[in-house]
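What follows is a set of notes on a single structure, which appears directly below.
The values are calculated or read from the model by the stated rules, or taken from the named source; none is laboratory data. No experiment lies behind these values; they were computed from the predicted model shown. We place every Cβ from the backbone using ideal geometry, glycine too, and count neighbours over all the protein chains shown.
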Amino acid sequence: MTTAWAPILAASLGCYGLKLAGVSLPASLLKHPRVQRTAGLLPVAMLTALVVTDLFDTNRHYSADWHTLAGVGVGAVALRLGGSLVVVFALAIASTAALRFAA
Amino acid sequence: MTSSPLAGAATSAIESLPERTAITRAAAGIGLYAGAFGVTFGAVSAASGLTTTQAVVLSIVMYTGASQFALVGVFAAGGSPLAGLSAALLLGLRNAFYGVRVTQILRPSGVRRLLAAHFVIDESTAMAIAQPTRDAAGYAFWATGITLYILWTLGTLAGVLIGSGINTSALGLDTAAPAIFLALLWRQLSDGRACAVALGAAALALGLIPLVPAGVPIVAAAAVAVIAGQLPTARRHGTPDQ
């Protein structure tokens, strides 16, 4: 996939540039309440959209794999019970794998 | 461990940190998951048609998981390079704001600033912010950032190499990314506004799925955050200040 190199390099350098901007820009510039609020909400919106498209989007068609849904559901229960990232990760993939194996 | 208070200032400051063992243990735990998540990323990359070098370059240079998964996800779905690039950059934007917090605590300069920037991610920032002192925050930031970097990259390499040899869906690895994103999201649903943004973003992304190319629903969801961010913090009647 040689055509993939351009977006890969641009996105990689861009993401480093964003990190560098954060540690370099005068804090006052990013301290504006609106900027701060938006910054806090951006990952909320985008992570939600990532979860939704991961679960329900297959090439511009709605479709869902119930094994995956169930695995993520188990992960949500673990989160609710205060499970750490490692626990959520392990339980989610193990549940999906077990359900597929049983099916 | 007893260390002379007259030993090298920096070393003894770290060695005498009361939180040191707990931080090291927590960083190792997060590293373990990062390694496993890295394997998932490598396997997903291979399945999306990326070469070993491309996947590993992403982990070494980009080093921010959600952006990497978004980019590779758009490739896999046949989306345009521009949609993949925008989704990765918009998701990476949060690191700029993490960087502000990290700089306030660590105050790095020169080469350390360039290096610190690279290690600014969700986990290293969260670990640094959670510490009671500046020394502990510094140790937590570097320990978490570097441990994760190494294991995430090695995991990616392992994932691409075994990716073609293992059945990733039989192992449930396709569930890893949405589950981890849900976990990262969960911590940020701290107030009503964040929950409203999540609901709005979910509805918008769902609605856009059949209408726009892959990756665009993720980018479009950013608009919900931008709009909600403009509204002033209101004190509503009947709800406690929070």
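Would region B:226-235 turn up any residue that is assigned to a helix (DSSP H, G or I) and touching an Asp or Glu at 6+ places or on another chain (Cβ under 6 Å)? No, region B:226-235 contains no residue that is assigned to a helix (DSSP H, G or I) and touching an Asp or Glu at 6+ places or on another chain (Cβ under 6 Å). Do you know which residues across region B:193-211 are outside any helix (DSSP H, G or I) and either surrounded by fewer than 20 Cβ atoms within 10 Å (Cβ to Cβ) or touching a Lys or Arg at 6+ places or on another chain (Cβ under 6 Å) (or both)? Once the filter is applied, which keeps residues that are outside any helix (DSSP H, G or I) and either surrounded by fewer than 20 Cβ atoms within 10 Å (Cβ to Cβ) or touching a Lys or Arg at 6+ places or on another chain (Cβ under 6 Å) (or both), region B:193-211 yields B:PRO210, B:LEU211. Has region A:54-62 got at least one residue that is closer than 26 Å to B:LEU206 by Cα, aromatic (Phe, Trp, Tyr) and in contact with a strand residue (DSSP E or B) (Cβ under 9 Å, 6 or more places away or on another chain)? Yes, region A:54-62 has at least one match. Once region B:108-139 is narrowed to residues that are in a loop (DSSP other than H, G, I, E, B) and among the hydroxyl-bearing types (Ser, Thr, Tyr), the residue that is nearest to the other protein chains (Cβ to nearest Cβ) is B:SER109. For region B:206-219, filtering for residues that are of a type in the set (A, V, I, L, M) and over 18 Å from B:VAL72 (Cα atoms) leaves 3. Number of residues in region A:35-86 that are acidic (Asp, Glu), outside any helix (DSSP H, G or I) and either modelled with pLDDT under 90 or closer than 28 Å to B:ARG193 by Cα (or both): the value is 1.
Assess whether A:ALA39 counts as being within 24 Å of B:GLY192 (Cα to Cα), more than 8 Å from chain B (Cβ to nearest Cβ) and buried (at least 17 other Cβ atoms within 10 Å of the Cβ). It is false that A:ALA39 is within 24 Å of B:GLY192 (Cα to Cα), more than 8 Å from chain B (Cβ to nearest Cβ) and buried (at least 17 other Cβ atoms within 10 Å of the Cβ).
Assessment of region A:41-52 against the conditions (among the small types (Gly, Ala, Ser) and closer than 30 Å to B:ALA28 by Cα) yields at least one matching residue. Residue selection: B:GLY165 satisfies the criterion of being more than 12 Å from chain A (Cβ to nearest Cβ), surrounded by fewer than 17 Cβ atoms within 10 Å (Cβ to Cβ) and more than 20 Å from the chain's Cα centre (by Cα). For region B:82-107, the set of residues classified as at the interface with chain A (Cβ under 7 Å from one of its Cβ atoms) and either of a type in the set (S, T, N, Q) or under 21 Å from B:PRO132 (Cα atoms) (or both) consists of B:ASN95, B:PHE97, B:TYR98, B:GLY99, B:VAL100, B:VAL102, B:THR103, B:GLN104, listed by residue number. Cβ separations smaller than 7 Å between residues 6+ apart or across chains give no pair from region B:203-218 residues that are free of Cβ contacts under 8 Å to residues at least 60 places away in the same chain and in the same structural domain as B:LEU85 (by TED's automatic domain parsing) to residues that are assigned to a helix (DSSP H, G or I) and not aliphatic (A, V, I, L, M).
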